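Enquirer: This is the structure, below, for whatever I ask next.
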Amino acid sequence: MLRFLFSLVLSVFVVGAITLAGLSLHIIPQLPDIETLRDVHMQVPLRVYTRDLSLISEFGEKRRKPLKIAEVPRKMVDAFIAAEDDRFFAHPGVDWQGILRAALNLARTGEKTQGGSTITMQVARNFFLSREKSYLRKLNEIFLALKIERELSKDEILELYLNKIYLGQRAYGVGAAAQVYYGSELGDLDLAQIAMLAGLPKAPSTTNPVSSPQRALQRREYVLRRMLELEMIGKDEYDAASIEPLSASLHSPNIEVEAPYVAEMVRQQLVDQYGEDAYSAGYRVITTINDRYQAAANHALRVALLDYDQRHGYRGPERHLEFAEGAVDDGTFERFLRGTAIIGDLYPALITDVQSQSATAWLSGVGLVALEWPGIEWARKYISENARGPGPKIAGDVVRRGDVVRIIEDEEGRWRLSQLPAVEGALVSLRPDDGAIFALVGGFDFGLSSFNRAVQAQRQPGSSFKPFIYSAALDAGFTAASIINDAPVVFEDPGVEEMWRPENYSGRYYGPTRLREALTHSRNLVSIRLLHAIGVPRALEQAARFGFDPHTLPKNLSLALGSGTVSPLQMARAYGVFANGGFLTEPYLIERVETDTGEIKSVSSPSTVCRECESAFPAESASGEAEQGLASAQAAEPAAAPESEPPVPPATAAGPARRIAPRVVNAQNIWIMDSMTRDVIRFGTGRRALELNRSDLSGKTGTTNDQRDAWFAGFNPGIVTVTWVGFDNFEPLGNLETGGRAALPMWIEYMRIALQDIPEMTLERPDGIVNVRIDPHTGSLAKAGDPDAIFEVFQSGTAPSTEEGAGGPSAALEQGEDLRRGTEDLF
């Protein structure tokens, strides 16, 4: 009998050894190269940063923050060892004791389990194998784990494991899990939180503290007890951590600067460039966005839109709930508001009580807050964009118990009644010398509407387009002193309405008017007559020099009033030509793209103004882009090509070769236009900006028919900013809602912050500019001793030389004289 048993055992051993040897010969040659683990690339999400390296957004299905093992706290390592593999530092990759237990369980129950899986075996499975439970996969896992242990150190294995392991809620690795569950860095977690994370690998979907808090607490207790048994923590630490309340909750990425419209622009560009890999390759995109400027832009836009909204009345609560007094508690109030998100700076609140001239509201997460009369009395009922109801006498005229409303906290910490604005807006700010975008906001709130009005909206610019017409006129021989008659006119223009009777915004007419004065006060009829005098083709040619596509602009006289459609970003680019002295740059948003290891993937090479290269540019040269746009424009002559290309510095190790922005408008034209648009702020429709106490600001308001669009475009040589306000459905903004009232306050509020970093500066006066004393009424040379005489600036050769001449070539003078004859002689 003993001999039989011995023979049986020996036979089983021999067969097992032969089988194992055969499997080894089959499996080992097919094992993957472990060296690939040294250079493994984790799937890391796309992250977008400001120029100051503040996080704007994160894109990707997997949240991961790879860490070196030296960055992982010792207690975190201990917790995972205690929970997953307490013999990790002793075994060779395979825990034979654990495997034996799994085998005995199989023999006893007939069920396959995952028993005996070490941390090294989990690394093998997570990086190379499937999660299928089979004998063959288990053997592959064993052989692979043994190979990993021979070629990698224990610390290298732990680093791979702690960065790869799935811990629930899209969190991969302990770095990401600390952010997801606690909104903290790994080093800031306490023992209870560490144990909570260490308990997740076993069943991350069913034992995580967000979806299953009770199971998570049980699992945490298990980890803490194992750490105590293994003498990794003391009894006092165990006791303190065991009674600590659950503190986990879902945390979004720690967004440091609110710029979702910027983030979406970057995401689209990266996906276009790198495909779907952009979401997992770990790219870090450094943008041109300035932290302070972006925050100022967000604030300025919201303040302007809320101010507009308040001027036009209260539209009522978002919804109304019926409940009896005393029949609900705080928990019920919270449930009523659940799912109603904070939008912008507007918090949802439930009116719980109304007094004579005050109200009480429940604010989620805060409790009861008071709305005093100064924060309610503005709320006259909205009737239309031009009409409101009577002013309220008591709070009950505005709100009632059960209303779900929006409230906002003012600078003194008081809560005021508000509402989500129906109107929208946009702001773009950039550096004129290279087009770097400092700040961009595409709407009141990205969550409310992801439509990026700064880039995607095509709106009529109105009078903010007039400077481009005036610049064309200067090139045609007109001067800032040329006289145009501001008088009624009727057009029969086949390109517009059958009979067109344009008017000034004020409805008044001012007779013979100098161009400088006409632009300062935005006189429509002067602009129309001026465009007729120089011709639409010439104006389209000039618009192309500023970066506009002439094919998208109207080919009729309505062009003078900004009847084409453009985006705020296009306007910012065009006004950049005025700001930088006549050069066309291309707005850009991405400064560079890095990998998650800091390697430079790409660096932007923006076209940049090079004033020291000026000698290489003819004064009248136009950009290649302008030439291309004009080549096929109807009735427009192509712009003159540059006589020579500017010198281009070679590429260096620091980045790609510098590209030089082409001069598209001569310096004298730009300098005079800068002088004229500065008068818009000093004396005209933009004079509200004088509150900034700067003498170097230029700009132009823009208002379209029926006040459907309100604009302000302003600049100095260091910054260009364009603001726009309007309704997405093109409804009128209402009487008096001009660019100076609706859009300029946004510009001022933003520039108040942005200009703090920019010293006062004006464009350097170029050669070829002369100052001449003129008669302000006629534009001609002033008589000696004339007390009303003023100085005006002219390009050399265009200044008036006699008391009868208004300046400029004779052709321009004849055109000017024709324009003074009256409407019946024009058409």
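Enquirer: Show me, bin by bin at 10 Å from 0, the whole-percent P(r) of segment 390-542 based on Cα pairs.
Expert: Cα pair-distance distribution for segment 390-542, in percent: 8, 23, 22, 21, 15, 9, 1.
Enquirer: Counting heavy atoms of the protein chains only and a 1.4 Å probe, report the per residue accessible area for segment 356-412 as a whole number of Å².
Expert: About 52 Å² of surface per residue is accessible.
Enquirer: Please give the direction-averaged projected area of the C-alpha convex hull for segment 173-245, in square nanometres with one decimal.
Expert: Result: a mean projected hull area of 4.6 nm².
Enquirer: Rounded, prolate or oblate, given the Cα gyration tensor of segment 143-276, with a/c below 1.5 counting as rounded?
Expert: oblate
Enquirer: Using modelled amide H (1.01 Å from N, peptide plane; none on Pro or chain starts), what sits under 5 Å from the amide H of Asp486, excluding residues fewer than 5 places away?
Expert: The list, which skips near neighbours in sequence, is Tyr510, Gly511, Thr513.
Enquirer: Then there is this: For segment 141-249, which whole percent of the accessible surface, found with a 1.4 angstrom probe, sits on carbon and sulfur atoms?
Expert: Carbon and sulfur atoms account for 49 percent of the accessible area of segment 141-249.
Enquirer: I need the peptides 352-360, 156-164 ranked by packing, meaning the mean over residues of other C-beta atoms within 10 angstrom, with the highest value on top.
Expert: The peptides rank, most packed first, as 156-164, 352-360.
Enquirer: Excluding same-chain residues fewer than 8 positions from Lys601, which lysines have a Cα within less than 20 Å of its Cα?
Expert: Excluding near neighbours in sequence, the set is Lys65.
Enquirer: Ok, one more. Roughly how much of His521 is accessible, in Å² to the nearest 10, using a 1.4 Å probe?
Expert: That residue has around 70 Å² of solvent-accessible surface.
Enquirer: Per-residue HN-Hα couplings for segment 795-800, Karplus 6.51 cos²θ - 1.76 cosθ + 1.60 at θ = phi - 60°, whole Hz, x for Gly and Pro?
Expert: 6, 3, x, 10, 6, x
Enquirer: Ranked from the most accessible area to the least, with a 1.4 Å probe and all protein chains present, what is the order of His532, His312?
Expert: Result, largest first: His532, His312.
Enquirer: Let me ask another. Using a 1.4 angstrom probe with every protein chain in place, what is the largest-first accessible-area order of Met42, Met499, Met673?
Expert: Met499, Met42, Met673
Enquirer: Taking the Cα atoms of segment 439-516, what is the range of coordinates along each of the three principal axes, in descending order and whole Å?
Expert: 51, 31, 25
Enquirer: Now a separate question. Taking the alpha-carbon centroid of each part, what is the distance from segment 674-721 to segment 404-453 in angstrom?
Expert: 21
Enquirer: Just the number, please: carbon plus sulfur as a percent of the accessible area of segment 667-779, 1.4 Å probe, no ligands or DNA/RNA counted.
Expert: 46
Enquirer: Then there is this: Shape call for segment 320-415 from the C-alpha gyration tensor, a ≥ b ≥ c root eigenvalues: rounded (a/c under 1.5), prolate (a/b greater than b/c) or oblate?
Expert: prolate
Enquirer: Separate question: What number comes out for the charge environment of Val328, summing +1 per Lys or Arg and -1 per Asp or Glu over other residues with Cβ under 13 Å away?
Expert: In short, -4.
Enquirer: Leu368's amide H: which non-local residues (gap 5+, or another chain) put their own amide H closer than 5 Å, with H modeled 1.01 Å from N in plane and none for Pro or chain starts?
Expert: Leu363
Enquirer: Provide Tyr238, Tyr750 ordered by accessible surface of protein heavy atoms (probe 1.4 Å), highest first.
Expert: Sorted descending by solvent-accessible area, the residues read Tyr238, Tyr750.
The values are calculated or read from the model by the stated rules, or taken from the named source; none is laboratory data. Just so it is clear, the structure is predicted and the values come from calculations on it, not from any experiment. Cβ sites come from the backbone with ideal geometry, for glycine too, and all protein chains shown count toward neighbours. Areas reflect the complete protein model, heavy atoms only, side chains present, ligands, DNA and RNA absent. Shrake-Rupley method; radii C 1.70, N 1.55, O 1.52, S 1.80 Å.
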